[in-house]
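FYI, it's all coordinate maths here, none of it is from the lab. No experiment lies behind these values; they were computed from the predicted model shown. Cβ: placed from backbone, ideal geometry, glycine included. Neighbour counts: every protein chain shown.
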Amino acid sequence: MADSSKSKENYQRDEAAEQLSNWSEKNKSKIGFSDSAAAIDLINKDVSLTAGRYGPIVLRDYDLLQQLQSFHRERIPERVVHAKGSGAFGYFECTKALTDLTVSKVFECVGKKTPIAVRFSQVAGNLGTADTVRDPRGFAIKFYTEEGNWDLVGNNTPIFFMRDPILFPMFIHSQKNNPVTNLRDWDMFWDYLSLNHESVHQVLFLFGDRGIPDGYRHQHGFGSHTFSFIGEKRKLTWVKFIYKTDQGIKNLDPKTAEIIAGKDPNYARRDLYNAIEEGKKTGKYPSWTFYIQTMTQDQAEKLKFNPFDITKVWPHGDFPLQKVGRFVLNRNPSNFFAEIEQLSFSPSNFTPGFGPSPDRLLQGRLFSYPDSHLYRLGTNYQQLPVNRPIKKVQNFERDGESVLYNQNGAPNYHPNSFGGPNVNPIAEEWVNPPEAVNANVDYYNLGKDDNFSQPRVFWNKVLDSAAKQRMVDTLANSIQKARADIRNRSVEMFRNVDSDLGDRLAKALGQLQVHL
Ligand code: NDP
């Protein structure tokens with residue numbers, strides 16, 4: 001008889017499965033009585049207060065009412081994008097001082113450590129989506145610096161689908177469920193993408209091997225946009241941020257990903273949790289090496305392409321990666337909802353030494369992120385413990401929904417005669433230098449700015465022949481689900497990248513007996 005305990009299907013208890021047992025072990029001597037939110041001992045946790053044995057419940061059973069009210073309010077609106085996510089905490093360590101480039105304290109000396117929070121996410125799927133779907137991954141880092149919170153709200157790709165934020169809601173609508181059927185709609189998906197050629201670079205990354213990372217630990221991260229470094233005397237240097245996994249790149253092939261999606265939709269979340277708990281025993285935590293690419297204003301002016309175009313990378317040969325730090329994730333959230341669901345990032349959170357660039361998509365995100373949090377979490381979301389800076393906030397904002405901290409009676413207007421907070425006199429030295437703008441306000445469409453040359457390099461120089469074939473098969477498997485004219489247009493778009501790609505795609509669709 002087969003020994004069933006050796007079967008591969010046997011359920012393996014991991015650190016995540018042991019969470020409650022571990023808690024119980026640690027807390028067995030400390031567990032007290034159950035009480036209400038007002039810390040009043042509860043009388044009964046199993047039975048409602050009724051008029052007679054089989055009679056109705058009475059309104060004065062306020063514990064029951066409070067419990068139901070709290071239960072009804074357990075959910076808050078999910079994020080419209082990046083809804084499903086996971087996260088952890090740790091530290092960033094500077095390994096190369098950057099005092100020549102930025103006044104930021106994060107990079108002031110080698111060995112400087114800054115606490116961080118990281119949230120990984122899928123982009124298009126809803127809260128219950130599987131962790132192994134083909135989708136870009138959000139990879140956002142909050143640096144709790146002594147100068148306030150610096151948020152680097154990145155992804156696992158160095159580029160994105162559009163240049164202009166006005167396209168973002170359109171693009172996301174096309175990638176989410178059809179509002180009538182509430183199902184993923186491949187006509188919508190490929191219709192939008194084949195009509196917007198500025199997406200093609202990112203689409204190739206998405207349908208390549210790295211489109212389904214094996215968990216969150218085996219992928220790189222990118223700040224993606226071009227940002228500013230501000231040094232002494234408001235010296236400006238353009239910068240990109242890149243974080244490379246120390247665990248090595250690992251991806252899932254589409255078949256395996258599909259099986260995992262059914263068996264364990266929280267695969268990446270479980271992997272991250274267990275890796276950190278394992279790290280407590282082995283000392284080996286998930287980590288990433290942090291790099292920058294820099295460009296002077298002079299270089300930017302001479303460049304053949306727009307350095308603020310998020311559909312393009314800065315080639316490594318021209319703008320080499322410089323290793324400047326590493327970060328480590330060594331603590332799981334103590335409560336997922338409080339610390340991850342409520343964790344909020346804003347690309348507009350620039351501490352001294354960092355700033356934006358003219359990247360149009362970044363300009364839109366500077367507004368969109370804080371605005372989404374105001375809707376999802378309320379006026380005072382930055383006062384929640386996980387979002388609160390370590391530096392004490394002193395300003396003139398007061399009150400509003402769920403206020404936790406009202407600044408201890410300090411004046412709420414400026415200027416004032418009562419010694420209220422003032423602007424730091426040297427803060428002006430930390431902002432971007434004056435920008436010369438002499439231009440007409442108008443609608444400048446960038447949609448046709450060179451969309452194909454970098455995707456062509458990717459296809460021809462980065463992918464080997466096996467990777468090319470996998471990409472063609474993955475694209476064909478998806479495109480075949482769209483209507484004939486949309487399939488045709490999609491193939492023509494990829495033919496603009498390289499005729500070889502277009503031909504192979506047409507052939508693969510033919511083999512799937514799909515006619516163009
Ligand atoms: P390089 O030739 O110096 O390096 C190629 C880059 O491609 C490496 O960073 C590599 O990642 C990455 N890569 C390999 N396979 C994939 C994949 N399936 N999906 C996404 N990225 C992958 O790059 P260049 O700077 O000369 O640029 C050439 C082309 O490489 C670009 O047009 C762009 O398409 C692509 N690329 C460039 C990046 C950049 O920031 N310059 C970043 C990512 C891709 P790894 O570091 O793990 O080897």
Nonlocal amide H pairs with F354, under 5 Å, H built at 1.01 Å: I230
Amide H contacts under 5 Å for N330, placed H, 5+ residues apart: F89, G90, Y91
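Okay, helix-only estimate at 222 nm for the chain: each DSSP H run of n ≥ 4 adds -39500 (n - 2.57), divide by all residues, round to 500 deg cm²/dmol; what do you get? Can you show the working numbers first?
Values: 13 runs with 142 residues, N = 516.
Rounded to the nearest 500, it is -8500 deg cm²/dmol.
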In order through the stretch 74-87: 3J(HN,Hα) via Karplus (6.51 cos²θ - 1.76 cosθ + 1.60), integer Hz, x for Gly, Pro: 5, 9, 10, x, 6, 4, 5, 10, 6, 5, 8, x, 9, x
Inter-site label distance for K280 and S70 at 7 Å from Cα along Cβ, in nm: 2.5 nm
Burial ranking of peptide ranges 408-421, 286-299 (average Cβ count within 10 Å, highest at the top): 286-299, 408-421
When each of K28/K263; K112/K392; K176/K481; K105/K244; K312/K507; K96/K244 is checked by Cα-Cα distance, pairs over 25 Å: K28/K263; K312/K507
Peptides 426-433, 338-345, 34-41, 126-133 ordered by average Cβ neighbours within 10 Å, highest first: 338-345, 126-133, 426-433, 34-41
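Please report Rg over Rh for the stretch 364-438, where both radii come from the alpha carbon positions and Rh follows the Kirkwood definition.
Here the Rg-to-Rh quotient is 1.03.
Could you tell me what a quarter of the Cα convex hull surface of the stretch 127-250 works out to, in nm² with one decimal place?
On the way: hull surface 41.0 nm².
For the stretch 127-250, averaging the hull's shadow over all directions gives 10.3 nm².
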10 Å-binned pair-distance histogram of the stretch 203-349 (Cα, whole percent): 9, 29, 34, 21, 7, 1
Phi to ³J(HN,Hα) by Karplus 6.51 cos²θ - 1.76 cosθ + 1.60 over the stretch 448-454, Hz, x for Gly, Pro: 9, 4, 2, 9, 10, 5, 6
For the stretch 285-353 versus the stretch 38-95, the gap between their alpha-carbon centres in whole angstrom: 37 Å
For the chain, radius of gyration divided by Kirkwood radius, i.e. Rg to Rh on alpha-carbons: 1.00
Convex hull per residue volume in Å³, alpha carbons only, for the stretch 163-232: 153 Å³
Among 493-503, 67-77, the order from most to least packed when residues are scored by Cβ within 10 Å on average: 493-503, 67-77
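Please tell me the relative contact order of the stretch 296-417 in percent, rounded to the nearest whole number, where contacts are Cα pairs under 8 Å and at least six residues apart.
After rounding, I find 20 percent.
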³J(HN,Hα), Karplus 6.51/-1.76/1.60, whole Hz, each residue of the stretch 199-213, x for Gly, Pro: 7, 4, 4, 5, 5, 5, 4, 5, 8, x, 4, 7, x, 10, x
Volume per residue that the Cα convex hull of the stretch 188-271 spans, once the total is divided by residue count, Å³: 151 Å³
Long-range amide H partners of I159 with built H, under 5 Å: none
Spin-label pair N177/K391, simplified geometry with 7 Å Cα→Cβ offset, distance in nm: 4.4 nm
Evaluated at q = 0.12, 0.23 Å⁻¹: base-10 log I(q)/I(0), Debye formula over Cα of the stretch 73-176: -0.55, -1.20
